[in-house]
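**Q** The structure that follows is given in the form of structure tokens.
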Amino acid sequence: RDLNSPSSVALSDLFSRRRKEHAESEVGASDAPVHPTKVLARFIAGLSSRSQPVLLDLGPVVGTNVSFFGEQLGCKIIVEDLSKDIDRHVRDGLLDQLPAFLMKRFPQESASIDGILCWDVFDYIEKKSAKPLAEQLIRMLRPDGVLLAFFGTAQPQPGSRPEYTRHVVVDKANLQHRPYAAARPKQRPLPNRDIQLLFEPLRIVEQFLLKTNLREVLFRKAPETPGGPPVAPSA
């Protein structure tokens, strides 16, 4: 790229941005709570047989997560931070345009992603935005690919400060939850039936309701049959 062009980012600016992102990711690191996760180990197991799988992470960049998944799976990780997109639509008063934006948000080819980490992004959007997002994730997921998502089950508290959660992997069985500022609070939780319908034709292979009012769900796309389209796996 021509570093003299107006669109180019100076190296000093790039390093400054990286330092800022790293500093933000470490805010509250020492005292952030650690919570058990039942699904993460199964998500990893679902990808362990693949050679150099491709992961799509919908949360912010977390350096330790990149290292963890790289060591566990030898994978390539693509980070598409949707919290920034949601915040921008809130600040610009364009939430009504979010569904159309999400339909065109991802440049990745169809059936090009082995695993998707949604974390709790669906807690921050309404159904009319959740549907196109789910459709795009299903489109990108490869046959027999897996998708991990968290869904809150508690009603949002009126007047509470809007916060996102940076999910930091401690190990296969534990996550550290680090809050950071959001422009939008969590929305009303999706009923379990709506979650199933939202991600059809993906199949729920693991589901746990934790004491922290968090529902962990692992979805799998049907494997592809020789000479034919993907078929739903047997129960």
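**Q** Among the residues of the range 169-227, which ones are assigned to a strand (DSSP E or B) and more than 25 Å from HIS35 (Cα to Cα)? Spell out the reasoning first.
**A** Here is the first cut: in the range 169-227, the residues assigned to a strand (DSSP E or B) are 169-171, 174-181, 203-209, 214-220, 224.
Correct list: ARG203, GLU224.
**Q** Still on this structure, I have one more. Given the range 60-167, what helices (runs of 4 or more DSSP H) lie entirely inside it while holding 3 or more residues that are open to solvent by 20 Å² or more (accessible area, probe 1.4 Å), touching a helix residue (DSSP H, G or I) at 6+ places or on another chain (Cβ under 9 Å) and touching a residue at least 24 places away in the same chain (Cβ under 8 Å)?
**A** Correct list: 63-73, 98-103, 127-140.
**Q** Go through the range 167-225 and count every residue that is among the hydroxyl-bearing types (Ser, Thr, Tyr) and closer than 25 Å to SER129 by Cβ.
**A** The initial filter retains those residues of the range 167-225 that are among the hydroxyl-bearing types (Ser, Thr, Tyr), namely 180, 212, 225.
When the remaining residues are screened for being closer than 25 Å to SER129 by Cβ, the result is 180, 212.
Counting residues in the range 167-225 that are among the hydroxyl-bearing types (Ser, Thr, Tyr) and closer than 25 Å to SER129 by Cβ gives 2.
**Q** Out of the residues in the range 46-103 meeting the condition of being closer than 24 Å to ILE204 by Cβ and hydroxyl-bearing (Ser, Thr, Tyr), tell me which one is nearest to the chain's Cα centre (by Cα).
**A** Looking at the filtered set, the residue picked out is SER48.
**Q** Just the residues that are in contact with a strand residue (DSSP E or B) (Cβ under 8 Å, 6 or more places away or on another chain), assigned to a helix (DSSP H, G or I) and either modelled with pLDDT under 95 or open to solvent by 60 Å² or more (accessible area, probe 1.4 Å) (or both), please, taken from the range 18-45.
**A** GLU24, SER25, ARG42
**Q** When the range 147-162 is examined, which residues are found to be more than 11 Å from VAL121 (Cβ to Cβ) and among the hydrophobic types (A, V, I, L, M, F, W, C)?
**A** Filtering the range 147-162 down to residues more than 11 Å from VAL121 (Cβ to Cβ) leaves 147-148, 152-162.
Scanning the range 147-162 gives LEU147, LEU148, ALA154.
The values are calculated or read from the model by the stated rules, or taken from the named source; none is laboratory data. Worth saying up front: this structure is predicted, and the values here are computed from it rather than measured. All Cβ positions, glycine included, derive from the backbone under ideal geometry; neighbour counts span all protein chains shown. The protein model used for the area step is the full one, side chains on, heavy atoms only, and it has no ligands, DNA or RNA in it. Shrake-Rupley method; radii C 1.70, N 1.55, O 1.52, S 1.80 Å.
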